[in-house]
1. So how much slack lies between Ser180 and Glu508, counting 0.36 nm per residue of separation and subtracting their Cα-Cα distance, in nm?
2. Around Ala572, under 12 Å between beta carbons, what's the net of Lys plus Arg minus Asp minus Glu among the other residues?
3. Thinking of the chain as a set of Cα atoms, what percent of all their pairs are more than 46 Å apart?
4. Taking 0.36 nm per residue of sequence separation and subtracting the Cα-Cα distance, how much length would be gained by fully extending the chain between Asp526 and Ser429, in nm to one decimal?
5. Among bridges DSSP assigns within the chain, what percent are antiparallel (round to 5)?
6. Arrange the peptides 574-584, 516-526, 229-239 so that the one whose residues have, on average, the most other Cβ atoms within 10 Å appears first.
7. Helix 392-425 versus the longest principal axis of the chain: what is the Cα-based angle in degrees, 0 to 90, to the nearest 10?
8. Express in Å², to the nearest 10, the accessible area of Met506 obtained by rolling a 1.4 Å probe over the protein heavy atoms while all chains stay in place.
Amino acid sequence: MSEEKETFENEAVIGEEMDIKVTHEYSDDDIQVLDGLEAVRKRPGMYIASTSEKGLHHLVWEIVDNGIDEAMAGYATTIKVTVDKDNVVTVEDDGRGMPTGVNAKTGKSTIETIFTVLHAGGKFGGGAYKVSGGLHGVGASVVNALSEWLEVRVFHDGSEYYVRFENGGHAVKPLEMVGSCDPDKHGSTISFKADPTIFTETTVYNHDTLRDRLRQLAFLNKGIRLVFCDERVEDEHKREYVYMFEGGLKEYVAYLNKNRSVVHPDIIYCEGYEQNIQVEVAVQYNDGYNPSVYTFCNNINTAEGGTHEEGFRLALNRIINKYARENNFLKDKDDNLTSDDCKEGITAVISVKHPDPQYEGQTKTKLGNSEVRKIVSDIFGSQLERFLMENPDEAKSIMEKATLASQARMAAKKARELTRRKSALEISSLPGKLADCSSKDASICEIYIVEGDSAGGSAKQGRDSHYQAILPLRGKILNVEKARQHRAFENSEIRSMITAFGCGVMDEVDTSKLRYHKIVIMTDADVDGAHIRTLLLTFFYRYLRPILDEGYVYIAQPPLYKVTKGNTVRYAYTDRQLEDVKRELGDRLSIQRYKGLGEMDPSQLWETTMDPKNRTLIRVNVGDAEAADQAFSMLMGEEVEPRKNFIIENANFVENLDV
Ligand code: 1YM
């Protein structure tokens, strides 16, 4: 989870248009070939996700994917990514080395062709599951086009070959043999420098982004060694990471559950292969209430799920209900356990490798191939059934977990119906403490969730009641990470928020019904305030996820100091600003440190924190679901040790957090 200032990234999605653009690939006419790369440089947004930080990292993944393909084909064992002090990236593998011959169609070396003809790479290879050519697979030529320079070195049969591209992707000289090497050495090494005139926002790579994805790739491709070397890191112990997991997804699930207490010690793991489709699934329950199910196709995170996820869900339901009936965990009169019951507290990773994946959905991250549903369901179902049969103790823990979930679900349903009925019956049944705004135009309306009655009072008086609503919260809100659904729905603060927002909850969230397009968390700038903010964000994340995903949640920034000199009043929001203000106003100042929102009178609160003309709002942005999930379960969960470690490792982020 990260907090992002009000900036809006303009992301073009790789779409059909791109295919139209590249109809003249494979031309042996040099001018047309370079036309292709020029088109990429002119409109990079059509070829990579964006030219922001995200797009920058895409360059690396594009090249890494080619190395992974070579490793999955059984030729390479190691892929190493190095970032040097100038943010030059080098990716090397120990595979066969890219082909060094001449391409008949272009009359140039195969390597030059791959790097200068759009989409050439995909057409050459014959491997079964090319990760390249998937969602991100725009080809090595796009990386070349968007680099200030790019160099390729290939080693095989005792020779080293070299070519350098620059100036919009032109080869400086044709590929040449530049020397000899150890006859046992083989592989490809690609170095490039992202072009700062294209990546105008930044050409600096994010250490954590690179490391996390490389670790994930190691989990997803068992036995392949992925090395990350960040030469920008001073501390030599934190410079190089080596990831290799013989256990694949099994180790991934163990890693995801490391901060949770698990319900059964052994991870359920299965793999299978059918109709050229490879399936791997790993599952383990923890004592939490939320499911964490991550799905992948060809190493791409299919965030919107799809047929592999459906197949998994079908099998989980079918087998758990079957086992529960046959072993008397469910009586004849009992209803079947629902899919949600079976998934409570589950951590699962599903990975399929498919030779011809079809992606659907809003963000093209939903797997569409229908045959996958049955294949995953069959492979996972039969192996889950066997696991339960062979491990009666573990089976018992899982059955008890699911039946408890079912009971809690029924209780929750009652509580929820109460909340819903109320809001359906009386349109004005908005929570009593809500001071609503008069406008009904959600796009301009804002709701401030305010800690405490006194600050709530100031906010009510200070606001512009045309479009600003105030909902004061009394005391701390429930930690939903440690409570089942029905308790959450019984909690009055939580109910107030659900009714006030008006967009429904859980699977029923419909953001088109949201009554305010800015939901602003306004808490004190102290330890308690930070805690309340985290509790609120946890609640939003687990129960109202779309409002976070769609960017409706903000954090207000109250000032830390008021600086007065004569009639001049200045506010400082950080210690650094305070220093600036002090320097500007000179001596004989009176400095007041605000301990809470309650210390500000209504006009001050308006002026400093609520008036769109002066305020700073931070938009909350759930980056990577896996990282957010980890952070919440750690910050709000039961285990103390990982929380301590997290705080030590992330001292800046949590400096205000009293966990
Ligand atoms: C650091 C990135 O690109 N390695 C790499 C790429 C290729 C091969 C080996 C390779 C593939 C094949 C045959 C084949 C590529 N070759 C091509 C193409 N590492 C990296 N390692 N021989 C070598 O797929 O048949 C594209 S990628 F098109 F030339 F075959």
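The values are calculated or read from the model by the stated rules, or taken from the named source; none is laboratory data. No experiment lies behind these values; they were computed from the predicted model shown. Glycine gets a Cβ as well: all are built from the backbone with ideal geometry, and neighbour counts include every protein chain shown. Please note that ligands, DNA and RNA were not included when accessible areas were found on the heavy atoms of the full protein model with its side chains. Shrake-Rupley method; radii C 1.70, N 1.55, O 1.52, S 1.80 Å.
1. Working: separation 328, 0.36 × 328 = 118.08 nm, distance 6.48 nm.
Once the chain is fully extended between Ser180 and Glu508, it gains 111.6 nm.
2. Working: positive: Lys562, Arg570, Arg576, Lys582, Arg583, Arg593; negative: Asp575, Glu579, Asp580, Glu584.
Here the charged neighbours net out to +2.
3. Details: 61336 of 216811 pairs.
For the chain, the fraction of Cα-Cα distances above 46 Å is 28 percent.
4. Values: separation 97, 0.36 × 97 = 34.92 nm, distance 3.33 nm.
Separation in residues times 0.36 nm, less the Cα-Cα distance, equals 31.6 nm.
5. Values: 75 of 102 bridges.
Of the beta bridges lying entirely in the chain, close to 75 percent run antiparallel.
6. Values: 574-584: 13.0, 516-526: 22.1, 229-239: 11.5.
By packing density, highest mean first, the sequence is 516-526, 574-584, 229-239.
7. Rounded to the nearest ten degrees, it is 50.
8. Answer for Met506: close to 50 Å² accessible.
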